[in-house]
1. Could you check, for region 47-67, whether at least one of its residues is β-branched (Val, Ile, Thr), under 26 Å from residue 246 (Cβ atoms) and in contact with a Ser or Thr (Cβ under 8 Å, 6 or more places away or on another chain)?
2. Could you grab the pairs with beta carbons closer than 6 Å, sequence gap of 6+ or different chains, first residue in region 277-304 and without any contact (Cβ under 8 Å) to a residue 40 or more places away in the chain, second one open to solvent by less than 60 Å² (accessible area, probe 1.4 Å)?
3. Within region 104-125, how many residues are open to solvent by less than 50 Å² (accessible area, probe 1.4 Å) and without any contact (Cβ under 8 Å) to a residue 40 or more places away in the chain?
4. Does any residue in region 37-54 that is under 13 Å from residue 287 (Cβ atoms) and in contact (Cβ under 8 Å) with a residue 60 or more places away in the chain come within less than 7 Å, Cβ to Cβ, of a residue that is assigned to a loop (DSSP other than H, G, I, E, B) and of a type in the set (Gly, Ala, Ser) six or more places away or on a different chain, and which pairs are these?
5. Mind checking which residues of region 340-370 are within 16 Å of residue 92 (Cβ to Cβ) and more than 17 Å from the chain's Cα centre (by Cα)?
6. Is region 70-80 home to any residue that is touching a Lys or Arg at 6+ places or on another chain (Cβ under 9 Å) and more than 21 Å from residue 365 (Cα to Cα)?
7. Select from region 58-72 the residues that are of a type outside the set (A, V, I, L, M, F, W, C) and crowded, with 24+ Cβ neighbours inside 10 Å and list them in ascending order.
Amino acid sequence: MRTAGIIAEYNPFHRGHEYQIQYTKEKLGADYVIIAMSGDYVQRGTPALLAKHARADMALRCGADLVLELPVSVCTASAEAFAMGGVSLLDGLGVVDLLCFGSESGEISALKELAEILVEEPEKYKTLLRNFLSQGLSFPAARSQALTEYFKNPRNFSGDDFDGVLTPLFNEVTRILNTPNNILGIEYCKALLRLGSSIRPVTVRREGMGYHDTLASNNLSDLRFDPTSDTDSDSDFPSACAIRKLICGTDKNGGKYSDHTGYDILASQIPSDAFDIFKKVLSSGEFLTEDALNSILSYCLLQKNVSELASFLDVSENLAQRIVNQKNLLQGFLQSASVLKTKELTQTRIQRALLHIILGIHQVPDNVPYARVLGFRRESSSLLKEIKTNSCIPVITKLADAPSLLDCQAQELLKETTFASNLYGSLIAQKSGRKFIHEYEKQIIII
């Protein structure tokens, strides 16, 4: 049995995600694909557009065999902590052979080599990093510059003494570190190294739209999808960001999509096996945007002083002081993040910090200590049996069983995640007018 893992948000699930699952089975020879998926909140520091059970259902209908939930503090953490959480969950199952992830590079050797340097931190690299940080560069910029200089010639480079020999990776470093999926891929490789995991990383080149591109009706004829092709050059996939913007009602020029045009475009970007679920959620209004957090954020910020704010994950004392000083100017979730962002702190980083204040998140675990099942395919039930035999972490299929399976620390992590999901569910209920369903009453998705 060959089993592959994918760490994902599926915010929302689209054709590119379906392609990755198919690629993992057809090209990499995986018998089963396990998804470690973000729950009701995502790494950009916002609620997921669709609830986790809907997204898990879409993934299962499009080829995934098992979907597990990442704890809320992991799926809203930095790239490094997000990657470590996802990898530790998959590693703890004891059955995963491959970790498949998308990247702009498509070359695993380069990502692994960069990860090795970042894990080992040779003295020459650390010296370069300190020098660039002392020049006032942000950490990502300083790291990129330090790695670029290091790969001129890591063996012979010392201070200003450079013998003119460039390594093959020298010209690639800046390009690799300027793209989000490459950066996350490096973090996955780092996590595997730090855990001493036997899981082998494999990357598939990310094709199609860039992360911030949007969808428009005039480019639909250019979209192609051929999962049986030997190359990916003819495949063009949407970005999750583009789909979210479409659902929120604006095209790339700020214009409004009509419902008819919007559904036509979405139908071409969401896999047919998953589109009925997607359309049902949209038509019933059971989806969330950042605006849903506006009033809650105001309430939370009015309650807290600087020291209380600084206790939350991703909230430094400087940021806490800035929040208090700017309190009268903060009017909504996205607006507040925009007001608070600085040269050193991006809006996404601020959004994560504000979300952690709302959800009461103070820390992120080094490893995920349990595997909570959101859904699985009946035909893959043997995979669950294999996991229960080999896993070194408890597998939770019913939340009511958690107290007998988890230690106190793991129970607190699950409690934190359950609270966050109940808040999400209550916001959905208020928005759509449907009945609130407590997390403990939700059923596993089985197809």
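The values are calculated or read from the model by the stated rules, or taken from the named source; none is laboratory data. A quick note: this is a predicted structure, and the numbers were derived from the prediction, not measured. Glycine also receives a Cβ, built like all others from the backbone with ideal geometry; neighbour counts cover every protein chain displayed. Protein only, heavy atoms only, side chains kept; ligands, DNA and RNA dropped before computing areas. Shrake-Rupley method; radii C 1.70, N 1.55, O 1.52, S 1.80 Å.
1. Checking region 47-67: not a single residue is β-branched (Val, Ile, Thr), under 26 Å from residue 246 (Cβ atoms) and in contact with a Ser or Thr (Cβ under 8 Å, 6 or more places away or on another chain).
2. So the pair list comes out as 294/332; 294/333.
3. The number of residues fulfilling the criteria is 3.
4. These pairs meet every condition: 40/48; 40/51; 52/39.
5. 369, 370
6. No, region 70-80 contains no residue that is touching a Lys or Arg at 6+ places or on another chain (Cβ under 9 Å) and more than 21 Å from residue 365 (Cα to Cα).
7. Of everything in region 58-72, those that are of a type outside the set (A, V, I, L, M, F, W, C) and crowded, with 24+ Cβ neighbours inside 10 Å turn out to be 65, 69, 71.
Yes/no matrix, rows are residues, columns are (1) open to solvent by 60 Å² or more (accessible area, probe 1.4 Å); (2) of a type in the set (Ser, Thr, Tyr):
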| residue | (1), (2) |
| --- | --- |
| 400 | yes, no |
| 406 | no, no |
| 409 | yes, no |
| 432 | no, yes |
| 439 | no, no |
| 445 | no, no |
